[in-house]
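Asker: Structure below; questions to follow.
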């Protein structure tokens, strides 16, 4: 019988040989303890390498890497989705135009609030992503779930809601920005409160230049950006802090 | 769905494996993530070249391997990012006490690039010899022999080659 060389023995250990060659090595191993030990060593090394590098799979992916891959704004080809989006945008824009014609600011603020409330109510009808409680808007349904569970460092490309920044606000609560992409796209800021995720800001989101939603706050609508600026204290969470905050129930 | 969208979503799914591969290649976590960044940029720039009938992971891994080789060339040997082949062989032959205390990830960084990449692709990422050969554009026999020599070196480092 031909002696078994190192390469063949290794190929056997890695399951690379065909059935006939495998059978030949099986037979040889049965009465050659030295060969059998070499096979065990070869397999043990593979196992040890996996033990050394597999933990990388469970590490949170740094946000700057996953942010580069955030899904593009889906083209609005669905007629049903297009119509209300245009309607909502038109309503919002005309309210703003009316507001700018007026010289008194409170009127502008009221007009904007009415438009925003109308939008929120429309949104609410659609899928119950927003609920009202004591005159305050709270996240509901899929939005509440995304805010509770979603990690910017582990984005789900199939989810319609993308989480952006998370940070500790100056009142001590944890706030998170989000973008809801599939309907009239909305962006907002939600802060964790005893009653759930209170919506501090909600605005129509435009598809950013380049067609990609960035996690950077710069792509947020001005109203949401302003709400972030008014609240943020220190730095936004990194991946580790974000995960720790989630594990701590956002308190 | 347009191809670049498919590639982008595929890359997002592949990120953990890509980080594992680059960690095995580059050693240091920060170097590895820098490498991932380069790989993502290249893959997105070339998304149109990816054919949907080709496995995205192999395509991306090939980009990663080439990007790593480019990095090695750019940084040069002066930074001692990897030991030259001769040094690797010497370390294996004269496995001294300090070498035995090296853990496997550190031992990987002492392998010459030709060896390190086959270990990373086959033993860490689980590619078959023929898949690795295709990716590296070398014959299967070359993958086999490099892998056997790399194993001998690593086992010597681990002090198991008794």
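Asker: Classify region A:1-47 from the C-alpha gyration tensor, please: rounded if a/c falls under 1.5, else prolate or oblate depending on whether a/b exceeds b/c.
Answerer: Oblate shape, in that a/c is at least 1.5 and b/c is the bigger or equal ratio.
Asker: Same structure, new question: Among A:64, A:158, B:115, what is the fewest-to-most ranking by other Cβ atoms within 10 Å?
Answerer: Least to most surrounded, the residues fall as A:158, A:64, B:115.
Values quoted throughout were computed directly from the atomic coordinates according to the rules given, and no laboratory measurement underlies them. This structure is a prediction, so every number in the text was calculated from the model and none was measured. Quick reminder, even Gly has a Cβ in these numbers, built from the backbone with ideal geometry, and neighbours come from all protein chains shown.
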